[in-house]
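Novice: Have a look at this one.
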Amino acid sequence: MNNHVRENESAILLSRVALGDEQAFTALFDQWHTFLATHIFRITASRQLAEEVVQDVFLKIWHNRATLTEITHIRAYLLTMSKNHALNALQKKVREYRQWEQWAREHTMVADQPDPSASMYSLIDDAIDKLSPRQKEIWLLHRHQRMTYQEIAAHLGIGRETVKTHLESAVRAISRHVRLQLAITTAAICMLQ
């Protein structure tokens, strides 16, 4: 289904949802669920969190259905709302993780408690180790040797845009790894409580 047709169908569904039509709401959910879950997964790197965010987004749509007639571009509206919900969910997970770390520091009897920043550096080191050899090489040249894109390109005999592409991919991969590990840790902590 092309975007124009989907937008038109969604506009019709939105007007029906605004009137309280539950079947239209279900159809809207079915139409956009997979797209949004995939989009949110790219942000959170967590299927569980992505599903929670999709549910929250559609719950908010239902609760605010009277205002839906003001929406002109449903795709942009859903992407923006889901991104904001996903970032809020990640911030909440980070806060929970920090609270848990604080609690653990206050309640542990171990004298040589590891530095929490060390665990973050360890996560980042793990993520760097998982990069492709070329990404890792470029990342280290840029971050540790403080080389510019142009210097790296000349050093490796590749284009500046190639350096930029590898660095952007590396940053995304590292961020995704850290977010995933923090989400896993937070989930494990929550299950223990």
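What follows is calculated from the coordinates using simple rules that are stated; it is not laboratory data. Model, not experiment: these values are computed from the prediction. Glycine gets a Cβ as well: all are built from the backbone with ideal geometry, and neighbour counts include every protein chain shown.
Novice: Please give, to one decimal in nm, the separation of the simple spin-label points placed at residue 146 and residue 162, each 7 Å out from Cα toward the Cβ.
Specialist: Taking the simple label geometry, residue 146 and residue 162 are separated by 2.7 nm.
Novice: If one puts a single equal scatterer on every Cα of segment 13-52 and applies the Debye formula without solvent, what log₁₀ I(q)/I(0) results at q = 0.14, 0.15, 0.32 Å⁻¹?
Specialist: -0.38, -0.43, -0.90
Novice: Same structure again: Would you mind calculating the gained length between residue 180 and residue 64 on full extension (0.36 nm times residue separation, minus the Cα-Cα distance), in nm to one decimal?
Specialist: On the way: separation 116, 0.36 × 116 = 41.76 nm, distance 3.12 nm.
Length gained between residue 180 and residue 64: 38.6 nm.
Novice: If you don't mind, there's one more thing I want to ask. When the distances between all Cα atoms of segment 21-80 are binned every 10 Å from zero, what whole-number percent does each bin get?
Specialist: With 10 Å bins starting at 0, P(r) equals 22, 56, 21, 1.
Novice: Related question: Looking at segment 49-101, what % of the alpha carbon pairs are farther apart than 14 Å?
Specialist: Within segment 49-101, distances greater than 14 Å cover 60 percent of Cα pairs.
Novice: Right, here's the next one. I want to check the label-to-label distance for residue 31 and residue 84. Put each point 7 Å from Cα in the C-beta direction and report it in nm to one decimal.
Specialist: 2.1 nm
Novice: Can you list the equivalent-ellipsoid semi-axes of segment 1-104, largest first and in whole Å, using the square root of 5 times each Cα gyration tensor eigenvalue? Before the final figure, lay out each step's value.
Specialist: On the way: eigenvalues 176, 40, 22 Å².
After diagonalising the Cα gyration tensor, the semi-axes are 30, 14, 11 Å.
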